[in-house]
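S.K.: First, the structure itself, so that you have it in front of you.
The values are calculated or read from the model by the stated rules, or taken from the named source; none is laboratory data. Small disclaimer: the values here were computed from a predicted structure and weren't measured. So basically every Cβ, Gly included, is an ideal-geometry build from the backbone, and we count neighbours across all protein chains shown. Surface accessibility is based on the protein's heavy atoms, side chains included, excluding ligands, DNA and RNA. Shrake-Rupley method; radii C 1.70, N 1.55, O 1.52, S 1.80 Å.
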Amino acid sequence: MHKLAQLDHAHVWHPFTQMRDWLRREPIVITSGRGAVLRDVHGREYLDANSSIWTNLHGHNHPKLNAALKRQLGKIAHSSALGFANEPASQLAAKLVEMANGELQMANRDGTRAKANSQFAIRNSQLTKVFFSDDGSTAMEVALKLAYEFTRRTRGPQTKPRFLSLTGAYHGDTVGAVSLGHVDLFHKAFSGLLFKTDQVMSPYCYRCPFNKAKPERTDARESRKCNWECVGKVEAKCAAARKRGNDYAAFVFEPLMQGAAGMIPQPAGWLKRVTDIARGHGALLVADEVMTGFGRTGIADCRLPIADLPRVPRSPRQSEIGNRKSEILFASHAEGVAPDFLALAKGLTGGYLPMAATLTTQAVFDAFLGEYEEFKTFFHGHSFTGNQLGAAAGLASLELLAGEASVKARTRLEADLRRELKSLWSLPNVGDVRQVGLVAGVELVRDWRTREPFALGERAGIRVCEAMARRGVLTRPVGNVVVLMPPYCTTRAQMRRMVGALYEAVEEVLGARTPMSAAR
Ligand SMILES: *Cc1c(COP(=O)(O)O)cnc(C)c1O
């Protein structure tokens, strides 16, 4: 075993990992990367098919990001945001605010424009303030604390703010973020530490009890036969909270696709409907775009007509790109939703450094203003808040994202992914193939005709990913769902190899066995 692998085995405890399994074999030790390729201590190369757990955007070792970091290193790596401002963090905050807003022209549910004073009109839709932290969990923790305190300050100190989030939701691992989540497997052990939040059905069309459609060889959203019962559930939850005299403080959601819940995509129109309902019942909207932000959810999945898209301000030196859909960088915008909190992390620095941001509105900010001795201060912060290296990488990444080359590459990659994924439908152990932009989830089942799931203990997803690794393609499953989330620089040939490895791995690991349902 390589010396570094030995040291790892001796001392490193890995996240979300059964360490007994880990210690059974030599780990892949990554030493370098370029573009979509990772290289290990033995000189073996792998494709990074999940963008290093959903963080990387433009590829590894990117010359522009490297240069920006070196420039910043020549000045300073870190000074504290407690008491001081700094150069790249101020610039990054301004840029994020610019990109996260645009003029949202909202379309109402029936397609007509919302009147400024109507129930569904967007109040406080402008995100003007940025609170920096270090990762997705802390970005959500900040949103949670701010929404909690804002609600108490606006509704009165006797209020007990309560949160509504989606079934299967994952919003991070700090205790607050875990409380917002509903993944039993991760969260049960800590239940004694958590506070109570409510959950409501998420629109998981493939396994929806209200979906009358038979299994078909197409994304379950497309063959869906239902009456939007999932939307009705949100309405019922909000109505019940109102009846109790305690409207939800906030509705917390991942827009367009829930990630760690199992890559669960939302049928077009769901997001707009449920956020209108929640807002109509006085709830703040907390959009967790830790995974979906920065162009991940793609261009084709933007569901608004061009006229209703937010206008993202563009620097004058950029050439005209033509299609405003291509400038949608946040999933909420794809359905014209303007959240009160926007949590960003994974892709914020292009996947280079741990940094996160929680964007919020002037109204929330103002509620924390007062004389010093009123102690309305937001008492929260981290040692590395507003870190210069992270901010410099973030600025460089945003510049790349806005460039024409990135828009073109993402457009092409999204189409390549869509085309390559089609091949998977011929595998009987592939139940659902769901793509939102540059994210795909492939749900493995015993037999697509019955949708019968593998028991988690069978490790079907893990074994398929291990077989992919043997073919030089690295990714990680969520349960029985294999995730493909390529860096934006992935070439057509690399994309083909990623899907090809998945195809072969499913055949090798699951195909040889008789599906239990067929044997019955
Ligand atoms: C990854 C993730 C988080 C947690 O982010 P960390 O950086 O791992 O703390 C929160 N929400 C979503 C949607 C995520 O995908």
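S.K.: Regarding the stretch 48-58, can at least one residue be identified that is of a type in the set (D, E, K, R) and open to solvent by less than 20 Å² (accessible area, probe 1.4 Å)?
M.R.: So far as the stretch 48-58 goes, yes, one or more of its residues are of a type in the set (D, E, K, R) and open to solvent by less than 20 Å² (accessible area, probe 1.4 Å).
S.K.: Being in contact with a strand residue (DSSP E or B) (Cβ under 7 Å, 6 or more places away or on another chain) and farther than 19 Å from ASN387 by Cα is the filter; apply it to the stretch 349-364 and report the residue that is nearest to the ligand (Cβ to nearest atom).
M.R.: By that ranking, first place goes to THR360.
S.K.: Just one of (1) out of contact with any strand residue (DSSP E or B) (no Cβ under 9 Å at 6 or more places or on another chain); (2) surrounded by 15 or more Cβ atoms within 10 Å (Cβ to Cβ) trips up LEU369, so point out which.
M.R.: Of (1) out of contact with any strand residue (DSSP E or B) (no Cβ under 9 Å at 6 or more places or on another chain); (2) surrounded by 15 or more Cβ atoms within 10 Å (Cβ to Cβ), only one is false for LEU369: (2).
S.K.: Quick one: in the stretch 319-348, of everything that is modelled with pLDDT under 95, part of a loop (DSSP other than H, G, I, E, B) and open to solvent by 50 Å² or more (accessible area, probe 1.4 Å), which residue is nearest to the ligand (Cβ to nearest atom)?
M.R.: ASN323
S.K.: Now, a different point. Determine which member of the set PHE186, PHE195, PHE190, PHE150 is surrounded by fewer than 19 Cβ atoms within 10 Å (Cβ to Cβ), aromatic (Phe, Trp, Tyr) and either in a loop (DSSP other than H, G, I, E, B) or modelled with pLDDT of 95 or more (or both).
M.R.: It is PHE195.
S.K.: Does the stretch 376-385 contain any residue that is assigned to a loop (DSSP other than H, G, I, E, B), within 26 Å of ASN66 (Cβ to Cβ) and open to solvent by 50 Å² or more (accessible area, probe 1.4 Å)?
M.R.: Yes, some residue in the stretch 376-385 is assigned to a loop (DSSP other than H, G, I, E, B), within 26 Å of ASN66 (Cβ to Cβ) and open to solvent by 50 Å² or more (accessible area, probe 1.4 Å).
S.K.: Next question. Any residue in the stretch 436-461 that's free of Cβ contacts under 8 Å to residues at least 24 places away in the same chain: show its pairings with residues that are hydrophobic (A, V, I, L, M, F, W, C) at Cβ separation under 6 Å, as long as the two are six or more apart or on different chains.
M.R.: Close Cβ pairs satisfying both conditions: GLY461/VAL482.
S.K.: Which pairs turn up if I take residues in the stretch 273-301 that are within 22 Å of LEU395 (Cα to Cα) and touching a residue at least 24 places away in the same chain (Cβ under 8 Å) and look for partners that are acidic (Asp, Glu) and within 15 Å of the ligand (Cβ to nearest atom) with beta carbon separation below 7 Å, at least 6 apart in sequence or on another chain?
M.R.: Qualifying pairs under 7 Å: ASP288/GLU254; MET291/GLU254; THR292/GLU254.
S.K.: Among the residues of the stretch 38-53, which ones are among the aliphatic types (A, V, I, L, M) and free of Cβ contacts under 8 Å to residues at least 40 places away in the same chain?
M.R.: If the condition is that a residue be among the aliphatic types (A, V, I, L, M) and free of Cβ contacts under 8 Å to residues at least 40 places away in the same chain, then VAL41 is the only one that fits.
S.K.: Would you point out which residue out of SER397, SER406 is under 22 Å from the mean Cα position of the chain (by Cα), among the polar types (S, T, N, Q), buried (at least 20 other Cβ atoms within 10 Å of the Cβ) and not in a loop (DSSP other than H, G, I, E, B)?
M.R.: Only one candidate passes the filter, namely SER397.
S.K.: Okay, next question. Any chance the stretch 90-101 includes a residue that's modelled with pLDDT of 95 or more, hydroxyl-bearing (Ser, Thr, Tyr) and within 16 Å of the ligand (Cβ to nearest atom)?
M.R.: Within the stretch 90-101, not a single residue is modelled with pLDDT of 95 or more, hydroxyl-bearing (Ser, Thr, Tyr) and within 16 Å of the ligand (Cβ to nearest atom).
S.K.: Still on this structure: Taking the residues in the stretch 168-183 that are among the β-branched types (Val, Ile, Thr) and not in a loop (DSSP other than H, G, I, E, B) as candidates, determine which candidate is nearest to the chain's Cα centre (by Cα).
M.R.: Only one residue tops the list, namely VAL178.
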